[in-house]
Ligand code: FES
Ligand code: FES
């Protein structure tokens, strides 16, 4: 059972948006800082750093997770998806991203990456959510700009389009 | 906000977790989902020298029937229990309480046992465990012991777990025939800590009410099947005995009033859904 020393940097290997990557981290390094500073993946945002705002939400092994409540060393061997992995190809947005644009569901965009990652995961588990389900679900994210109404509209619209043409995700 | 330095041990099996706890339990914290521990580390409310990670142990990730109990392993996430097909029939109180635990985005990693380990006085899972006469299974290299919920929680975020013990599982009795269960909570926003949370268990002969968020630990009261003013008087006496305090979120008086009103509503709901 290896004990990773507090003062050393350790190699972490994992899959990031389908690509095998590795970088170094001290045990205390948060996954948010690891993604942003060590790997340059700045799509994942940092708001509160204690699990409240949802800006840092990503996917770890298929489950939604707050990156700020995760240590880099914990994800050794894991499969991570971040907002950078959503677009099907450069220059093209996913159905969900496109809906956010159409409905003006972002202003400053600080909360957006986390909300997109949450919804992307949610729609795969629950393709036909009611508006109440979505309201409850979006309660796990703070947005200081939009007032949530456009976010809700975009989410409803995206869920509908994904049901009609699921392969375009 | 960054955690202070600590060594990190990823336990490969339960025996390794026991060894790590035996060697450095006093200076260690066990981490599973981390949904409560990580903020405490980042705010430096706790500064362990060692973190022992048990999240990757398949042996701890099981929900199983064990006699009259449902045994939930230490790595079972709250979302996994919520999605467990027998939840409604076997653990209706948990079915009602779990949606109040954090948000979907934190329940996907937060564990059932982690919430019990932290023993926050306003947390829903410790409250439900107490209301149902559940127990905590603690283990070391040498063996296991089982501690009833009413002995496990000793005060504000403190329990009878010894430094070298691993919380391996919680045991929750299955729902009984002719018994109703209900859960209600009041908080500023859904997903916030409860200002007051109530769990009620009712039969035609008895009433039980467990209250969280008021005293320094979840607190339980049993009565015979009272009604009318006898019941409201009993609730009033209970509310006074709870030693409510003023804090940022609510005054003691407000909390007592919530215990009276919401306590009654929860008991009535439990009586209605008595099967
Ligand atoms: S930065 Fe992670 S939840 Fe706010
Ligand atoms: S768009 Fe600015 S915080 Fe949501």
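We did not get these values from a lab; they are worked out from the coordinates using the rules stated. In this text the structure is predicted, and so the values were computed from the model without any measurement. Reconstructed Cβ throughout: ideal geometry from the backbone, glycine too, with neighbour counts over all protein chains shown.
Restricting the calculation to Cα atoms, every distinct pair contributes to the Kirkwood radius of the stretch B:180-272, found to be 13.1 Å.
Determine Rg/Rh for the stretch B:35-192; Rg is computed over alpha-carbon atoms and Rh is the Kirkwood hydrodynamic estimate from the same atoms. Please report the intermediate quantities before stating the final value.
On the way: Rg = 15.1 Å, Rh = 16.1 Å.
Expressed as Rg/Rh, it is 0.94.
Provide the three semi-axes, in whole Å and in decreasing order, of the ellipsoid equivalent to the stretch A:60-124 as defined by the square roots of 5 times the Cα gyration tensor eigenvalues. If you can, show how the numbers build up before the last one.
Numbers: eigenvalues 110, 36, 22 Å².
They are 23, 13, 10 Å, listed from largest to smallest.
Relative to the globular-protein estimate of 2.2 N^0.38 Å, the Cα radius of gyration of the stretch B:121-275 stands at 1.08.
Axis angle, to the nearest 10 degrees, between helix B:14-24 and the longest C-alpha principal axis of chain B: 80 degrees. Axis of helix A:149-164 versus longest Cα principal axis of chain A: the two differ by about 90°, to the nearest ten degrees.
Note that the stretch A:95-164 shows a convex hull volume over its alpha carbon atoms of 72 Å³ per residue. Across all C-alpha atoms in the stretch B:118-173, the radius of gyration and Dmax reach 10.8, 33 Å.
The long axis of helix A:112-125 is offset from the longest Cα principal axis of chain A by roughly 80 degrees. Using only the C-alpha atoms, the convex hull of the stretch B:128-207 corresponds to 128 Å³ per residue.
Run lengths n ≥ 4 of DSSP H only: what is the helix-derived mean residue ellipticity at 222 nm for chain B, with -39500 (n - 2.57) per run over all residues, to the nearest 500?
Numbers: 11 runs with 90 residues, N = 275.
Taking each H run of at least 4 residues, the total per residue is -9000 deg cm²/dmol.
Show log10 I(q)/I(0) for the stretch A:1-138 at q = 0.12, 0.13 Å⁻¹, two decimals, from a solvent-free Debye sum over equal Cα scatterers. Each listed q maps to, in turn, -0.49, -0.57. Note on B:48-54: average number of Cβ atoms from other chains within 10 Å of each residue's Cβ is 3.
On the principal axes of its alpha carbon atoms, the stretch B:5-53 extends 31, 20, 13 Å, with the longest extent given first.
Using only atoms on other chains, find how many Cβ atoms lie within 10 Å of each Cβ of peptide A:69-77 and report the average. Please report the intermediate quantities before stating the final value.
Working: counts 13, 5, 9, 1, 5, 10, 0, 2, 2.
The per-residue average across the peptide is 5.
The calculated pair-distance distribution of the stretch B:55-114 uses every alpha carbon pair, bins of 5 angstrom beginning at 0, and gives 4, 20, 29, 28, 14, 4, 0 percent.
Modelled spin labels at residue B:16 and residue A:3, positioned 7 Å past Cα toward Cβ, are 1.4 nm from each other.
Taking label points 7 Å from Cα along the Cα-to-Cβ direction, residue B:23 and residue A:17 give a separation of 3.9 nm.
Semi-axes, largest first, in whole Å: what does sqrt of 5 times each Cα gyration tensor eigenvalue give for chain B?
Values: eigenvalues 208, 90, 49 Å².
Rounded to whole Å, the semi-axes are 32, 21, 16.
What percent antiparallel are the DSSP beta bridges of the stretch B:7-53, to the nearest 5? Could you put the intermediate results ahead of the total?
Details: 0 of 8 bridges.
Antiparallel bridges: around 0 percent, rounded to the nearest 5.
What FRET efficiency do you get for residue A:61 and residue B:145 if R0 is 30 Å and r is their Cβ-Cβ distance, rounded to the nearest 0.05? Approximately 0.35, to the nearest 0.05. Per residue, the Cα convex hull of the stretch A:10-85 amounts to 72 Å³.
The spread of Cα positions in the protein assembly as shown, taken along each principal axis and listed from longest to shortest, comes to 69, 54, 41 Å.
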